[in-house]
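Below: the structure, in structure tokens.
Just so you know, all these numbers are worked out from the coordinates, no wet-lab data involved. Treat the numbers as computed from the prediction; the structure is a model and nothing was measured. Here Cβ is always computed from backbone atoms with ideal geometry, including for glycine, and neighbour counts include all displayed protein chains.
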Amino acid sequence: MPFINFQNQILNMLRMVENKLGNLQGKTICVLGLAFKPDTDDIRNAPALEVIRMLIEKGATVKAYDPLAIPNAKRVLPEKVIYCNDAKEAVNNCDCILVLTEWDEFKDESLYRGKVVFDGRRILEPKRIGMMCDYQGICW
């Protein structure tokens, strides 16, 4: 299998979202997880940062939540990002959810009921969650 670089993986995820939603202009996308890995506020090399920048470039509104990394993300992401107080607030009234860090609280299946979900960390059980939502598991 050929090596796929990180930038290509991000572009692939965005293509999948666009294939599902169409033009992202005016769409609201929820990003769950800003940190590079769970249980830290470290955003260095976090895929969420580039994903969010690209979503905004494509005209999407981005709602984001991370238990620890929001203060760090605010320093480097565009001011247009809407930061939420918890995951439930973040997933409310969005067109699509992107799970980008494997925080335990993001394993709560009730967050995703009836939603379009791209799980970039494969934290959800595809067979179970697939019955509740439009689910696509992706793993970097």
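By the count of other C-beta atoms within 10 Å, a proxy for reagent exposure, 36, 118 are ordered fewest to most as 36, 118.
Taking label points 7 Å from Cα along the Cα-to-Cβ direction, residue 76 and residue 92 give a separation of 3.0 nm.
Restricting region 51-140 to GluC sites (Glu not before Pro) that sit in a DSSP loop and have at most 14 other Cβ atoms within 10 Å of their own Cβ leaves 79. Pairwise Cα distances in region 15-71 exceed 18 Å for 34 percent of all pairs.
What's the exposure ranking of 95, 104, 66, 41, going from fewest to most Cβ atoms within 10 Å? Could the numbers behind the result be given before it?
Details: 95 18, 104 10, 66 28, 41 15.
The most exposed by this proxy come first: 104, 41, 95, 66.
For the chain, the share of DSSP beta bridges that are antiparallel, to the nearest 5, is 5%.
Shape annotation for region 6-134: C-alpha extents along the principal axes are 38, 33, 27 Å, from largest to smallest. The HN-Hα couplings worked out from phi for region 100-113 by the Karplus form 6.51 cos²θ - 1.76 cosθ + 1.60 (θ = phi - 60°) are 10, 9, 8, 5, 4, 5, 7, 7, 5, 4, 5, 5, 9, 3 Hz, whole numbers, x standing for Gly and Pro.
Suppose only helical runs count, i.e. DSSP H with n ≥ 4. What mean residue ellipticity at 222 nm does that imply for the chain under -39500 (n - 2.57) per run, divided by all residues and rounded to the nearest 500 deg cm²/dmol? Write down the numbers at each step before the final one.
On the way: 5 runs with 43 residues, N = 140.
For the chain, the value works out to -8500 deg cm²/dmol.
With Cα atoms defining each centre, region 1-64 and region 74-93 are spaced 13 Å apart in the structure.
Taking the Cα centre of the chain as the origin, how large is its charge dipole in debye, to the nearest 20, when only Lys and Arg (+1) and Asp and Glu (-1) carry charge on their Cβ atoms?
360
For region 1-79, trypsin sites (Lys or Arg not before Pro) meeting the loop criterion (DSSP other than H, G, I, E, B) and having at most 13 other Cβ atoms within 10 Å: 44. For the residue pairs 20/115; 58/107; 27/127; 20/74, the C-alpha atoms sit more than 19 angstrom apart in 58/107; 27/127; 20/74.
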